[in-house]
1. Can you tell me which residue within the stretch 115-151, out of those that are assigned to a loop (DSSP other than H, G, I, E, B) and either basic (Lys, Arg) or closer than 22 Å to Leu65 by Cβ (or both), is modelled with the highest pLDDT?
2. Would you pick out the residues in the stretch 80-95 that are among the aliphatic types (A, V, I, L, M) and surrounded by 16 or more Cβ atoms within 10 Å (Cβ to Cβ)?
3. Would you point out the residue of the stretch 42-79, among those that are modelled with pLDDT under 95 and of a type in the set (Phe, Trp, Tyr), that is surrounded by the fewest Cβ atoms within 10 Å (Cβ to Cβ)?
4. Would you tally the residues in the stretch 93-114 being touching a Ser or Thr at 6+ places or on another chain (Cβ under 6 Å) and either in a helix (DSSP H, G or I) or modelled with pLDDT of 95 or more (or both)?
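The values are calculated or read from the model by the stated rules, or taken from the named source; none is laboratory data. Here the structure is a predicted model, which means the values were calculated and not measured. Using ideal geometry, Cβ is built from the backbone for each residue, glycine included, and neighbour counts are taken over all protein chains shown.
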Amino acid sequence: MAVVVDYRYSEAINPLHAVFTAGTVPLFLGALLADIAYSRTYEIQWSNFASWLIVGGLIFASLALLFALVDVFRVHRRSRGFGLYFLLLLATWVLGFFNALMHARDAWAIMPTAVILSVVTTLAACVATGIAMRASRSTVVRRETVHDSVR
């Protein structure tokens with residue numbers, strides 16, 4: 001009996017998809033830092049800066065979600081954990097959207113909820129990016145072939 005082991009490598013995400021996914025992290029992180037600066041100084045411009053960074057993060061997350069949605073329907077592109085990545089990216093977008101709505105309020109009324117939402121959104125973006133940038137894993141497929149000996 002001969003055993004043949006095949007390795008199936010899942011394809012990595014598209015480079016443009018990777019740029020949009022990774023681009024959400026510095027934008028949401030910048031919004032978090034601007035919220036922290038606003039909570040310490042109460043300078044309204046920090047709140048405005050955070051609002052624009054959140055909008056930029058939402059644009060990048062929307063484009064990454066578009067790429068991920070296309071990859072959901074391409075079975076050969078999916079690797080282990082892709083569903084978790086898609087759900088985390090969707091959660092990041094939803095949290096970012098609610099964070100943008102929170103920042104649309106009066107600058108004095110956004111604290112402390114804005115900082116909490118920014119922390120959660122930034123963490124979700126970091127985890128989603130970490131899952132997306134994971135190296136391609138190989139799946140081992142074992143096939144057993146039985147050879148009859150010729151007498």
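1. The selected residue is Met133.
2. From the stretch 80-95, those among the aliphatic types (A, V, I, L, M) are 84, 87-91, 94-95; that's our starting set.
Residues satisfying the conditions are Leu88, Leu89, Leu90, Ala91, Leu95.
3. Phe73
4. If we filter the stretch 93-114 for residues that are touching a Ser or Thr at 6+ places or on another chain (Cβ under 6 Å), which is where we start, we get 95-96, 99, 102-103, 107, 111.
Okay, now just the ones that are also either in a helix (DSSP H, G or I) or modelled with pLDDT of 95 or more (or both), so 95-96, 99, 102-103, 107.
Adding up the residues that qualify gives 6.
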